[in-house]
Structures are given as structure tokens and as C-alpha cells.
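Asks: Got a structure for you, questions after.
The values are calculated or read from the model by the stated rules, or taken from the named source; none is laboratory data. This is a predicted model, so every value here is computed, not measured. Glycine gets a Cβ as well: all are built from the backbone with ideal geometry, and neighbour counts include every protein chain shown. Surface accessibility is based on the protein's heavy atoms, side chains included, excluding ligands, DNA and RNA. Shrake-Rupley method; radii C 1.70, N 1.55, O 1.52, S 1.80 Å.
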Amino acid sequence: MKCLNDKAKAVFFALTEGLEDPGVSENSHRKVDNAPGFMPVHVERIGEWDYSIAHYGELNGDRMRDPEMVFHVDHKNVYPIYWRNDYVGMEQFSAVLKADLWEVKPKQQADHARFADSWMRNIREQQNI
């Protein structure tokens, strides 16, 4: 699987620093909103090694993911494994853990990693991280 590049990984770890496992603590999520005029970033630890990062918009009173990505952390590497954008009606699982083995869609997972590298750069610039 393709992991985030070093710069994107640094942003990811800045966003997720201190978040605790949701089964252990209520300190499992945060909203980063350092720059008016840009969409806040919602960060949530959703499992022992998995995190969700999302921007949300609103359409007809409904919260819309624009986008949401799920990342798996393994040995200080960060792998994007899921992407969803409600505005375009797309949801993509690029890697799924089944019976202790990863089922990976290599091209899609690499596309998710490239997107996440760019998205983390944008988040760093927009949120002054």
C-alpha cells in the first residue's frame, strides 16, 4: 500500500496528536478551525489505529462530507483506505482488513494517497498548521 508522503504525514500527526481511542476516552475527536473563511477540519479517532478526517458542508439542512477520508496508522506510516464525497455521491474503499489480511485495490489506494498528500498540504496552508 502507498502511504502519505513525509510532509502530509506531519500534518496528519499534528491533526491527530493526543486523540485517544474512543473506547477509552471521550477525547477522541476535535474540530480544527484556525482560519475564518475556510472549512473547519473534523478529526476523529475511530479505532485503535484508524482516524477519520473530514470537511463538512450543508445541503438542504443535511451535513455533507466534502470529503471524508479514513486513514490507518501502522508503524508510523499513514495509509488512506477510504474516501467519500456526498456532493458527488461517491464512496470508495481502497483497502479493507479481513481476517488479519488487507484486501487492497492498488490503483485506487495509490490515488487516495496522492489526493491525501495534496489535501494535507491544503489543510496545512488553510489552517496554519
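Asks: Please give me, ordered by residue number, the trypsin sites (Lys or Arg not before Pro) of segment 1-84 that lie in loop per DSSP and have at most 14 other Cβ atoms within 10 Å.
Replies: Passing both the DSSP loop test and the Cβ count: Lys76.
Asks: Right, another one. Counting other Cβ atoms within 10 Å, which GluC sites (Glu not before Pro) in segment 1-69 have at most 15 and lie in a DSSP loop?
Replies: Sparse-neighbourhood loop GluC sites (Glu not before Pro): Glu17, Glu20, Glu26, Glu48.
Asks: Give or take rounding to whole Å, what are the principal axis extents of the alpha carbon atoms in segment 65-124, in descending order?
Replies: 33, 27, 18
Asks: Now for a separate question. Just need the relative contact order of the chain here, percent rounded to a whole number, with Cα pairs under 8 Å and 6+ apart.
Replies: Relative contact order, the chain: 25 percent.
Asks: Rounded to a whole number, what is D in µm²/s for segment 1-109 from Stokes-Einstein with the Kirkwood radius over alpha-carbon pairs (4 °C, 1.567 mPa s)?
Replies: Reported coefficient: 87 µm²/s.
Asks: Would you check the accessible area of Val11, probe 1.4 Å, heavy atoms only, in square angstrom rounded to 10?
Replies: The value for Val11 is about 10 Å².
Asks: With r as the distance between the Cβ atoms of Val24 and Phe115 and R0 = 25 Å, compute the FRET efficiency 1/(1 + (r/R0)^6) and round to 0.05.
Replies: Computed FRET efficiency for Phe115 and Val24: 0.25.
Asks: Let me ask something additional. Before I look further, what does the chain give for accessible area per residue, probe 1.4 Å, in whole square angstrom? Before the final figure, lay out each step's value.
Replies: Working: 7580 Å² over 129 residues.
Counting only protein heavy atoms, the per-residue value for the chain is 59 Å².
Asks: Something else: Could you tally the net charge around Asn27, taking each other residue with its Cβ under 12 Å from the Cβ of Asn27, Lys/Arg +1 and Asp/Glu -1?
Replies: On the way: positive: Arg30, Arg45; negative: Glu17, Glu20, Asp21, Glu26, Glu44.
My count for the surroundings of Asn27 gives -3.
Asks: Distance in nm between label sites at Glu125 and Asp6, each 7 Å beyond Cα in the beta-carbon direction?
Replies: 2.1 nm
Asks: Hey, what number do you get for the chain at 222 nm if only DSSP H runs of n ≥ 4 count, each worth -39500 (n - 2.57), divided across all residues, to the nearest 500?
Replies: Taken over the chain, the calculation gives -8500 deg cm²/dmol.
Asks: Report the label-to-label distance for Asn77 and Phe93 in nanometres (one decimal), using points 7 Å from each Cα along the Cα→Cβ vector.
Replies: Inter-label distance under the simple model: 2.2 nm.
Asks: Only four residue types carry charge here, +1 at the Cβ of Lys and Arg and -1 at the Cβ of Asp and Glu. Report the dipole size of the chain about the Cα centre in Debye, rounded to the nearest 20.
Replies: 480 debye
Asks: Another question about this same structure. Would you kindly find the accessible area of Leu101, with a 1.4 Å probe and non-protein molecules such as ligands, DNA and RNA excluded, rounding to the nearest 10 Å²?
Replies: 120 Å²
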